[in-house]
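Presented below is the structure to which this report refers.
The values are calculated or read from the model by the stated rules, or taken from the named source; none is laboratory data. The structure presented is a predicted model; accordingly, all values stated were derived computationally and were not measured. Methodologically, a virtual Cβ is constructed for each residue, glycine included, from the backbone with ideal geometry; neighbour enumeration extends over all protein chains shown. Ligands, DNA and RNA are excluded from the accessible area calculation, which covers all protein heavy atoms including side chains. Shrake-Rupley method; radii C 1.70, N 1.55, O 1.52, S 1.80 Å.
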Protein chains: 2
Amino acid sequence: VGRFSLYLRRLEGLVREGMSRVSSRLLGQSLGVSDAQVRKDLAYLNLGHPGIGYNAPELIAAIRRALGIDREWAAVLVGVGNLGRALLRYHGFVERGFRLVALFDCDPKKAGVVVEGLMVHLPEQLAAIIAETGAELGVLTVPAESAQAVADQLIDAGVKGLLNFAPCVLQTPPGVSVVNVDLTVQLEQLAFLVQLSSAE
Amino acid sequence: VGRFSLYLRRLEGLVREGMSRVSSRLLGQSLGVSDAQVRKDLAYLNLGHPGIGYNAPELIAAIRRALGIDREWAAVLVGVGNLGRALLRYHGFVERGFRLVALFDCDPKKAGVVVEGLMVHLPEQLAAIIAETGAELGVLTVPAESAQAVADQLIDAGVKGLLNFAPCVLQTPPGVSVVNVDLTVQLEQLAFLVQLSSAE
C-alpha cells in the first residue's frame, strides 16, 4: 500500500512534466524500487502487461481506485495543539481527497475558536457532530494518556478509521482500522541508514 | 527496519510490565506480525534460537545496537513553524537518543528567539553551528519550495542524514541518507484499510 502511494506521487510528477506513457523502470528508478517489483505491484491492478509502457493517466486512476481515494473522505481531528495545527495547514490532505470537517479539543479555552476555517468543539459534541457530518475517519493528535478514551468516543460515534499520532497502541474492535504514525520510527530508520552507509 | 522499531517499543512495554523473557508469539501478537516472521527478523541479530523465549533486556540491547541507537545522535532542525514546534515538544526523540542541538529559520523575526530551550538561528550560521556541534542529522520542516536548498546547505555542512517532512523528493549525493515523512501516505493507507474492511 505504501508503494502505491509513492507510485501515485511519482506518476503525478511525470504527468506534470508532460509524460503520458511510463515504463516500470522509469517509475521505480527514483523511488529505489526494482522494475520487477513495480510490475508485480501494478499487476494487482489488472491493467494487463503493457509492452510499451503504462498509460500514465489510466494508471493514476487505477491506483486511486485501489487505494480508495477516488472518492472524498470526511475526517475529524481531535487535539488542536501544535501538531494538530500543523496538520490543518498541511494542504496535502485536501489535495488527496481528505477533508477535515470538524475539530475537537478538551480545553474549554479553545472551544469556539476558529482554526484554519474550522471551529473547535468540546468532546461532548463529538457524537452529534460526527452523526451530522458523516465523518468516517478520525485524526488523533492528543497526548498518549487520553488517546484510548478519545478513540473509544470516536468509535462509539461511528468512525471507522483512526490515524493515531499518540505514541501508544490503541485497542479497537473488529471493523475499525488504525494507522499509527510514530515519528521516532522514521528517525530510527534514518540513523540505521546513516550507520550502514558510514560502515561501507 | 520499521519492524525492529516496533519490536523495541513492544519489548520496552513488556519489560515495564515486569516481564524478562518473551516468546516470538507474544512479541508478534499485538503487532500483527506472525511468529515465523518475528523469528526470521530476530535471527538477523545472531542471538541464537532460544527454545524458552528471548531474554528481553538482551534483545532490547541487540535491537538498539542493530538500529544504531545504542549511541546518541545530534540533530539540527530547520523550519520553526507549527510542525517544527510540535516535533520539539515531542519527547520521544530524546528518549530514543536523538538530541536536537540547534534550530534554524529564515525568518529574521524568529532569529534569537528561544523555543523549547533552544535558540533559533538564521541559515547563514548553519555551517558554523554544525561544525561546532558535530550534528550528523538534519530534520527538515520547511516548505517544499525551500527544502532542496536547505538540504544542500546541510549536506555541505557535513550532515549525513535528513528526515524530510516537506512533500518533495530531495536529490542527495551518495553517502547521504534521506527518510521522507509524507503524512498523506499514512492517511491513504488508512483509507485503503477502511475500504477493505467495509467491503468484507
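So, B:N82, is that one farther than 16 Å from A:T184 by Cα, free of Cβ contacts under 8 Å to residues at least 24 places away in the same chain and within 14 Å of chain A (Cβ to nearest Cβ) or not? Please lay out each step first, then the result.
Details: farther than 16 Å from A:T184 by Cα: yes; free of Cβ contacts under 8 Å to residues at least 24 places away in the same chain: yes; within 14 Å of chain A (Cβ to nearest Cβ): yes.
Criteria met by B:N82.
Quick check, is B:V120 more than 14 Å from chain A (Cβ to nearest Cβ) and at pLDDT 90 or above?
On the way: more than 14 Å from chain A (Cβ to nearest Cβ): yes; at pLDDT 90 or above: yes.
Against the criterion (more than 14 Å from chain A (Cβ to nearest Cβ) and at pLDDT 90 or above), B:V120 qualifies.
With the structure loaded, tell me whether B:E136 is of a type in the set (D, E), touching a strand residue (DSSP E or B) at 6+ places or on another chain (Cβ under 8 Å), open to solvent by 20 Å² or more (accessible area, probe 1.4 Å) and within 26 Å of A:A86 (Cα to Cα) or whether it fails that test. If you could, list the steps in order and put the result at the bottom.
Working: of a type in the set (D, E): yes; touching a strand residue (DSSP E or B) at 6+ places or on another chain (Cβ under 8 Å): yes; open to solvent by 20 Å² or more (accessible area, probe 1.4 Å): yes; within 26 Å of A:A86 (Cα to Cα): yes.
Judged against the criteria, B:E136 is a match.
With respect to A:A111, determine if the residue is touching an Asp or Glu at 6+ places or on another chain (Cβ under 9 Å) and more than 18 Å from A:R3 (Cβ to Cβ).
Yes; evaluated as a whole, the condition is true for this residue.
Any idea which of (1) under 23 Å from B:G92 (Cα atoms); (2) crowded, with 23+ Cβ neighbours inside 10 Å is the one A:N82 doesn't satisfy?
(2)
So, of the residues in segment B:68-79 that are more than 8 Å from every other protein chain (Cβ to nearest Cβ) and part of a loop (DSSP other than H, G, I, E, B), which turns out to be surrounded by the most Cβ atoms within 10 Å (Cβ to Cβ)?
Looking at the filtered set, the residue picked out is B:G79.
Would you please name the residue that is nearest to the other protein chains (Cβ to nearest Cβ), looking only at residues in segment B:158-169 that are more than 30 Å from A:V159 (Cα to Cα) and open to solvent by 30 Å² or more (accessible area, probe 1.4 Å)? Reasoning before the result, please.
The initial filter retains those residues of segment B:158-169 that are more than 30 Å from A:V159 (Cα to Cα), namely B:158-164, B:168-169.
Checking which are open to solvent by 30 Å² or more (accessible area, probe 1.4 Å) leaves us with B:158, B:160, B:168-169.
On the way: B:G158: 12, B:K160: 5, B:C168: 9, B:V169: 6 Å.
Taking the candidates together, the pick is B:K160.
Only one of B:A199, B:A147 is of a type outside the set (D, E) and either in contact (Cβ under 8 Å) with a residue 60 or more places away in the chain or open to solvent by less than 30 Å² (accessible area, probe 1.4 Å) (or both); which?
Working: B:A199 fails: either in contact (Cβ under 8 Å) with a residue 60 or more places away in the chain or open to solvent by less than 30 Å² (accessible area, probe 1.4 Å) (or both).
The conditions single out B:A147.
Residues B:T172, B:T184, B:T141: which one is among the hydroxyl-bearing types (S, T, Y), open to solvent by 30 Å² or more (accessible area, probe 1.4 Å) and in contact with a helix residue (DSSP H, G or I) (Cβ under 9 Å, 6 or more places away or on another chain)?
Working: B:T184 fails: open to solvent by 30 Å² or more (accessible area, probe 1.4 Å); B:T141 fails: open to solvent by 30 Å² or more (accessible area, probe 1.4 Å).
The match here is B:T172.
Might you check whether a residue that is among the small types (G, A, S), within 17 Å of B:D182 (Cβ to Cβ) and at pLDDT below 85 occurs anywhere in segment A:48-65?
Checked against the condition, which is being among the small types (G, A, S), within 17 Å of B:D182 (Cβ to Cβ) and at pLDDT below 85, segment A:48-65 yields no hits at all.
I'd like the residue in segment B:125-147 that is within 20 Å of the chain's Cα centre (by Cα) and more than 14 Å from every other protein chain (Cβ to nearest Cβ) and, out of all such residues, is nearest to B:V181 (Cα to Cα).
Looking at the filtered set, the residue picked out is B:I130.
So which residues in segment B:26-36 are under 20 Å from B:A61 (Cα atoms) and either loosely packed, with under 14 Cβ neighbours inside 10 Å or not aliphatic (A, V, I, L, M) (or both), if there are any at all?
Matches in segment B:26-36: B:G28 only.
Can you give me the number of residues within segment B:94-116 that are more than 19 Å from A:R85 (Cβ to Cβ) and in contact with a helix residue (DSSP H, G or I) (Cβ under 6 Å, 6 or more places away or on another chain)? Steps first, please.
At the first step, the residues of segment B:94-116 found to be more than 19 Å from A:R85 (Cβ to Cβ) are B:94-102, B:104, B:106, B:108, B:111-112, B:114.
Those still in the list that are in contact with a helix residue (DSSP H, G or I) (Cβ under 6 Å, 6 or more places away or on another chain) too: B:96, B:98, B:101-102, B:104, B:106.
Count: 6.
Of all residues in segment B:12-48, how many are out of contact with any helix residue (DSSP H, G or I) (no Cβ under 7 Å at 6 or more places or on another chain) and farther than 26 Å from A:V194 by Cβ?
So the count comes out to 10.
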